[in-house]
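None of the figures in this text is laboratory data; all of them are computed from the coordinates on show. What you see is a predicted model; the values in this text were computed from it and never measured. Here Cβ is always computed from backbone atoms with ideal geometry, including for glycine, and neighbour counts include all displayed protein chains.
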Amino acid sequence: MRTLALSLALALLCLLHAGAAATVPDRSEIAGKWYVVALASNSENLLREKGNMKMAVVRISFPGEDELEVSYAVPNPKGCRKWGTTFKKTSDDGEVYYSEEAKKTVEVLDTDYKTYAVIFATRVKDGKTLHMMRLYSRSREVSPAATAIFRTLAKERNYTDEMVIMLPSQDKCSVDEV
């Protein structure tokens, strides 16, 4: 009887794992141009500058099977700062990637792939672990539903309202030239 129960539990676990794997969409669905319309962070430097920040533009691509490339265009007082980072997939357990060069881990927390994505990043800098959650939108305007999902996930990760920043739109920067 005990062996039968154990066998059934293992079979159920295999079915759940197979079902979860079947629901993971093609990574190419998250590829393309996105606007960073909101963020939540525990970085003191970032929070000090939140009044000066504007919406960033991001291009996500998958150059290799287990690679994620992110190109950024962020407005600043001197114009537009552009850079890119390549991440390697860490496992087959969700969409989690690591960048050796930036010492950063990124994870897709929630997305519908068509209108919004919530990305969580962890970075170790000067011995401190910094966390940032970003709300990506396919357009400069984000839906109230996506904003609500972002705020709920931010609260679950212990971000206060002061740590959540809704970014104003900008048209100075584009990732098209990155």
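Key figures for this structure:
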{"read-out": "Label-point gap, in nm, between residue 145 and residue 110 - each point 7 angstrom along Cα→Cβ", "value": "1.2 nm"}
{"read-out": "Overall dimensions of the stretch 62-140 as given by Cα atoms, namely Rg and Dmax in Å", "value": "13.5, 41"}
{"read-out": "Order by protection proxy (mean Cβ within 10 Å, highest first), peptides 154-166, 37-49", "value": "37-49, 154-166"}
{"read-out": "The stretch 64-69 - phi-based ³J(HN,Hα) in whole Hz, Karplus 6.51/-1.76/1.60, Gly and Pro as x", "value": "x, 4, 10, 10, 10, 10"}
{"read-out": "Where labels lie 7 Å past Cα in the beta-carbon direction, separation of residue 161 and residue 90 in nm", "value": "3.2 nm"}
{"read-out": "Separation between Cα centres of the stretch 140-156 and the stretch 45-83, rounded to whole Å", "value": "19 Å"}
{"read-out": "Most to least packed among 62-71, 117-126 [average Cβ atoms within 10 Å]", "value": "117-126, 62-71"}
{"read-out": "Using θ = phi - 60° and Karplus 6.51 cos²θ - 1.76 cosθ + 1.60, couplings along the stretch 130-135 (whole Hz; Gly, Pro as x)", "value": "9, 10, 9, 10, 10, 9"}
{"read-out": "Computed magnitude of the charge dipole of the stretch 27-166 (debye, nearest 20; Cβ of K, R +1, Cβ of D, E -1)", "value": "700 debye"}
{"read-out": "Where N is the number of residues in the stretch 27-166, Cα Rg divided by 2.2 N^0.38 Å", "value": "1.00"}
